[in-house]
Amino acid sequence: MEQTAQRRTAGGVEYEFVRKKVKNINLRVRADGTAAVSAPLRMPAAQVDAFVASRAEWIRTAQAKARARADAAAARPVPDRAAALAEFTRMSELVYPLFAEELGGQRPALQVRSMKSRWGVCSPAKRQITLALELYSQPPAAQIYVVVHEYCHFRVPNHSPAFWAEVERILPDWKARRRLLRP
Ligand SMILES: [Zn+2]
């Protein structure tokens, strides 16, 4: 049902536009500062433009913040990969026992690589968790949240309510931990 993104401009703001099976217009500014909008399948484009134009100031502020964060991240020294892997392995060892059963008693393969747009990726089929090298510069309380998050994907592959219920069962304060993550 998803189309490829279309570029539009409204209120002086350029945005990527897709129609989806959604009930409302969804607007977000990505970490790289681009604005993305999804709208219901049958909503007229003019109505979407009007919505974006009405939020133009908010979008520009969010874009400025995103770009400032991206610049700060680019200026930060790259952490040591071996040290990051050692630390994340230690954390993974704490979480693994909770998932040992569905993993058939085999630890997931843990990888660390530089990732600009996400903190972690779980590949249940490969029994593999990849964590961002950049996560190593984040507070430990947030790092363990990311590790738990990726482990929970072995139980629920998507971000459905069932997934977040799993995360919450293990880390009731996961929201506060996630807020500590700074790009
Ligand atoms: Zn996830």
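The values are calculated or read from the model by the stated rules, or taken from the named source; none is laboratory data. Note that the structure is a prediction, hence the values are computed from the model and not measured. So basically every Cβ, Gly included, is an ideal-geometry build from the backbone, and we count neighbours across all protein chains shown.
Brief remarks on what is shown
- Test: residue in region 32-47 that is assigned by TED's automatic domain parsing to the domain that holds Glu150 and among the β-branched types (Val, Ile, Thr): no
- Scanning region 55-76 for any residue that is without any contact (Cβ under 8 Å) to a residue 24 or more places away in the chain and part of a loop (DSSP other than H, G, I, E, B) turns up nothing.
- The test for being free of Cβ contacts under 8 Å to residues at least 12 places away in the same chain, farther than 21 Å from Ala74 by Cα and under 18 Å from the mean Cα position of the chain (by Cα) holds for Ala165.
- Pairs with Cβ under 6 Å, 6+ apart, first in region 144-156 and farther than 11 Å from Glu102 by Cα and in contact (Cβ under 8 Å) with a residue 40 or more places away in the chain, second more than 10 Å from the ligand (Cβ to nearest atom) and in a loop (DSSP other than H, G, I, E, B): Val148/Leu171
- Selection from region 60-85 of residues that are loosely packed, with under 14 Cβ neighbours inside 10 Å, among the small types (Gly, Ala, Ser) and farther than 11 Å from Asp32 by Cα: Ala72, Ala74, Ala75, Ala82, Ala83
- Flag for Tyr151 being aromatic (Phe, Trp, Tyr), under 19 Å from Ile170 (Cα atoms), in a helix (DSSP H, G or I) and within 17 Å of the chain's Cα centre (by Cα): yes
- Qualifying residue in region 136-147 (condition: more than 22 Å from Asp80 (Cβ to Cβ), among the β-branched types (Val, Ile, Thr), within 15 Å of the ligand (Cβ to nearest atom) and not in a strand (DSSP E or B)): no
- Residues that are in a helix (DSSP H, G or I), within 27 Å of Arg113 (Cα to Cα) and in contact (Cβ under 8 Å) with a residue 40 or more places away in the chain are absent from region 44-53.
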